[in-house]
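Quick notes on the structure that follows.
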Amino acid sequence: MPTFLPSRRLGSPAQPAPLHSPIERNFPHLLVLGLGNPLMGDDGAGLLLLDHLRQSREWPEHIIFEDGGTLGMTLLPLIEDAAAVLLLDAVHTGAEPGTVVTRQDSQLPGFFNNILSPHQIGLSEILGAAQLCGTLPAHIALVGIEAETVAFTAAASSTVRNALPAAVRQAQATLHELLAAADIGKEPSHA
């Protein structure tokens, strides 16, 4: 039985999409993928950021929001199908907790060597597999929040919650950079 991930596009009902094959979209799109486990305190920062970013304004249909949770390798088709990807996650870089961290393109495959959570092992493998297959989107970025506490707990720390407004602003800016770099959402010119 295939695993399903509900669609998170604004204005449309949740439509289950099988994760065992690429999602067929008839238009180039930017995938905004929130990652993490909300039961592990600050490890859920990527999902909090996904929700805050999604609600920050109305987004066009070529920007697809997905809650990737801790699904690991099953996310490969979603990433392969996108023209560009914005990853949202908790990170561990050694910076002060609550610091908003960004990484782009070639910095990403090796970035997840500092494992914060088991789902990041899967993310490293996903990016590596897509790179080996030649299906890694040319434009990919990460906006993360430096975690303070990753332990079985009910909520993210106040440090991470307080960093959300700055992280949303950074994610919006990065999203617009990715759209421009991947040439997504522009009206075709009529000569």
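Largest first and in whole Å, give the semi-axes of the stretch 47-91's equivalent ellipsoid, each being the square root of 5 times a Cα gyration tensor eigenvalue.
Sorted largest first and rounded, they come to 18, 15, 8 Å.
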Out of residues 5 or more away from Val32 or on other chains, whose amide H comes under 5 Å of its own, with H placed 1.01 Å from N in the peptide plane? Ile64, Phe65, Glu66, Leu86
Put a dot 7 Å past each Cα toward the Cβ at Asp105 and His176; how far apart are the dots in nm? 2.0 nm
Each residue of the stretch 165-170 in turn: what ³J(HN,Hα) in whole Hz from Karplus with 6.51, -1.76, 1.60 and θ = phi - 60°, glycine and Pro shown as x? x, 5, 5, 5, 4, 5
Compute the separation of the alpha-carbon centres of the stretch 27-71 and the stretch 172-186 and state it in Å as a whole number. 16 Å
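Between Ser158 and Gln131, 0.36 nm times their residue separation minus their Cα-Cα distance comes to what?
Contour length minus the Cα-Cα distance gives 6.1 nm.
At R0 = 22 Å, how high is the FRET efficiency between Glu58 and Ala138 if r is their beta carbon distance? Nearest 0.05 is fine. Don't skip to the answer; put the middle values down first.
Working: r = 27 Å, r/R0 = 1.22.
Calculated value: 0.25.
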Integer Hz, Karplus 6.51/-1.76/1.60 couplings in order for the stretch 32-38, x for Gly and Pro: 9, 10, x, 10, x, 10, x
With θ taken as phi - 60° and the coefficients 6.51, -1.76 and 1.60, list the Karplus ³J(HN,Hα) couplings across the stretch 80-86 in order, rounded to whole Hz; mark glycine and proline as x. 4, 7, 8, 7, 8, 9, 10
Hey, can you grab everything whose amide H is under 5 Å from the amide H of Val101? Only 5+ residues off in sequence or another chain; H modelled, so Pro and N-termini drop out. Gly144, Ile145, Glu146
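Rule-based calculations on the coordinates, nothing more; no lab input. What you see is a predicted model, and the numbers here were worked out from it, not measured in a lab. Note that we place each Cβ from the backbone using ideal geometry, even for glycine, and neighbour counts take in every protein chain shown.
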